1. In nm, to one decimal, how far is the modelled label at ASP43 from the one at ARG19, with both set 7 Å along Cα→Cβ?
2. Once the piece of chain linking GLU109 and ARG27 is laid out straight, how much longer is it, given 0.36 nm per residue of separation minus the C-alpha distance between them?
3. Quote the convex hull volume per residue of the stretch 3-130, based on C-alpha atoms, as a whole number of Å³.
4. What angle, in degrees between 0 and 90 and rounded to the nearest 10, separates the Cα long axis of helix 41-55 from the longest principal axis of the Cα atoms of the chain?
5. Report, in degrees rounded to the nearest 10, the 0 to 90 angle that the Cα long axis of helix 121-130 makes with the longest principal axis of the chain.
6. Roughly how tilted is helix 3-19, in degrees to the nearest 10 and between 0 and 90, from the longest Cα axis of the chain?
7. For the chain, what is the relative contact order in percent, using Cα pairs closer than 8 Å and at least 6 residues apart in sequence?
8. For ALA122 and MET1, compute 0.36 nm times the residue count separating them, minus their Cα-Cα distance, and round to one decimal in nm.
Amino acid sequence: MTADDLHDFYRAYIACLNRQDWPNLHRYVGEAVRYNGASIGRDGYRAMLIGDFEAIPDLAFNIELIVAEPPTVASRLAFDCTPVGTLFGLPVNGRRVRFTENVFYEVREGAIRSVWSVIDKAAVAAQIRDA
């Protein structure tokens, strides 16, 4: 894939997540995907995403930045949401929070093979503390 192809692929992947279109996740995520170094497979990855949407019913992945250098895509995602209980071990309990995620993907043969994610949990903690 070219850098432009990766941009388009990534935007389509994020749209798939935002639609919660789990039957089509295989179009973007490889069977043996790794997440932060752990081999969780596509089924584990899907379960993780479903759990995220259960914990955050109004979850939406908002792309702030995409940088592509094949086979890698780097993105900064922004979230403005209302988790129902705990989030990252923090008692959010229905309060609106904003945070970001910096995430890197390795895309090979048309599928995400590895994901490395760093979420700004400190931003959530500060909003809970200051509420």
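Values in this text are rule-based calculations from the coordinates and carry no lab data. Since the model is a prediction, treat every value here as computed from it, not as a measurement. Glycine also receives a Cβ, built like all others from the backbone with ideal geometry; neighbour counts cover every protein chain displayed.
1. 2.5
2. Numbers: separation 82, 0.36 × 82 = 29.52 nm, distance 1.10 nm.
This chain segment gains 28.4 nm when fully extended.
3. Values: hull volume 12.3 nm³, N = 128.
So the per-residue hull volume is 96 Å³.
4. Rounded to the nearest ten degrees, it is 30.
5. Helix 121-130 sits at roughly 20 degrees to that axis.
6. 40
7. Numbers: 233 pairs, mean separation 29.7, N = 131.
The normalised contact order for the chain reaches 23 percent.
8. Details: separation 121, 0.36 × 121 = 43.56 nm, distance 3.53 nm.
Result for the pair: 40.0 nm of gain on full extension.
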